[in-house]
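Taking it in order: structure first as C-alpha cells, then the write-up.
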Amino acid sequence: MLLFEIHAVTCRNIRTTTDYWRYIIEVKHPESFKSFGEKAAELVMETLSKPKVVVREKLDPSVYLYYRRFGEYFICVVAKHLNEDGYIITSYKTDQIKRGEVIWRRE
C-alpha cells in the first residue's frame, strides 16, 4: 500500500509504500529515525519538497540525494528518478552532504 507520494523540487512525484518505509526505518537505518517516531515520514516528505540541496549520484545519474538540515545533522533521502516519477531507495541522517553534481540548491 502506498504510504505517500509527494511532488519534489525536481518536478518529480516521489513515492514509497508502507512496507518499504517500515523496512527503511526498522532494518536499513533504525538509528536515524528511532527518535522521531511517527514524525519520521513527515521529515522525509519535507526533505523532498523543501531540501537545502539536491545532489546527483556520480555512479548512477538516475539517483538523487535530497538533503535538509534538522538541528546538527541532515536528513538525506535517496531517490531513483524515472521520467516524471521516482521512488525512495533509502533515507538516513548524516553530518555532511555527499559530493556530486549539485542540481538544485535553496538560495
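The values are calculated or read from the model by the stated rules, or taken from the named source; none is laboratory data. Please read all numbers here as calculations on a predicted model, not as lab measurements. So basically every Cβ, Gly included, is an ideal-geometry build from the backbone, and we count neighbours across all protein chains shown. Each accessible area value is taken on the protein alone, full model and side chains, heavy atoms only, with ligands, DNA and RNA left out. Shrake-Rupley method; radii C 1.70, N 1.55, O 1.52, S 1.80 Å.
Pick out, from 21, 65, 91, the residue whose Cα sits farthest towards the positive end of the charge dipole of the chain, with +1 on the Cβ of Lys and Arg and -1 on the Cβ of Asp and Glu.
The residue sitting most towards the positive pole is 65.
So which trypsin sites (Lys or Arg not before Pro) in segment 12-77 pass both tests, a DSSP loop state and at most 15 other Cβ atoms within 10 Å of the Cβ? List each step's numbers first, then the result.
Values: sites: 12, 15, 22, 28, 34, 39, 52, 56, 58, 68, 69; in loops: 12, 34, 52, 58.
Here the sparse-neighbourhood loop sites are 34, 52, 58.
For the chain, please report how many Lys pairs fall under 19 Å Cα to Cα, leaving out neighbours fewer than 8 apart on the same chain.
Pairs that pass both the separation and distance tests number 17.
May I ask for the equivalent-ellipsoid semi-axes of segment 67-107, computed as the square root of five times each C-alpha gyration tensor eigenvalue and listed largest first in whole Å?
Details: eigenvalues 79, 35, 17 Å².
Ellipsoid half-lengths, sorted descending, are 20, 13, 9 Å.
What nm distance separates the two modelled labels at residue 103 and residue 69, each placed 7 Å from Cα along Cα→Cβ?
Placing both labels 7 Å beyond Cα along the Cβ direction yields 2.4 nm.
Do the sum for the chain: with -39,500 (n - 2.57) for every DSSP H run of n ≥ 4, divided by all residues, what is the mean residue ellipticity at 222 nm, to the nearest 500 deg cm²/dmol? If you can, show how the numbers build up before the last one.
On the way: 3 runs with 20 residues, N = 107.
Rounded to the nearest 500, it is -4500 deg cm²/dmol.
Among 14, 24, 75, whose mean-square fluctuation peaks in a Gaussian network model of the chain (Cα, cutoff 10 Å)?
Top of the fluctuation ranking is 24.
By the gyration tensor of its Cα atoms, with a ≥ b ≥ c the square roots of the eigenvalues, what is the shape of the chain: rounded for a/c under 1.5, prolate for a/b over b/c, or oblate? Each step should come with its number before you reach the end.
Values: a/c = 1.56, a/b = 1.17, b/c = 1.33.
It is oblate, given that a/c is not under 1.5 and a/b is not larger than b/c.
What does DSSP give for the chain in terms of the percent of beta bridges that are antiparallel, rounded to the nearest 5? Walk me through the numbers before you get to the answer.
Values: 30 of 33 bridges.
In the chain, DSSP labels about 90 percent of beta bridges as antiparallel.
Could you sort 43, 59 by their accessible area in this structure, using a 1.4 Å probe and putting the largest first? Show your work: numbers first, answer last.
Numbers: 43 25, 59 160 Å².
Putting 43, 59 in descending order of accessible area: 59, 43.
5 Å is the cut-off here: which amide hydrogens, built 1.01 Å from N in the peptide plane, fall below it relative to residue 104, excluding neighbours closer than 5 in sequence?
Answer set, sorted by chain and number: 54.
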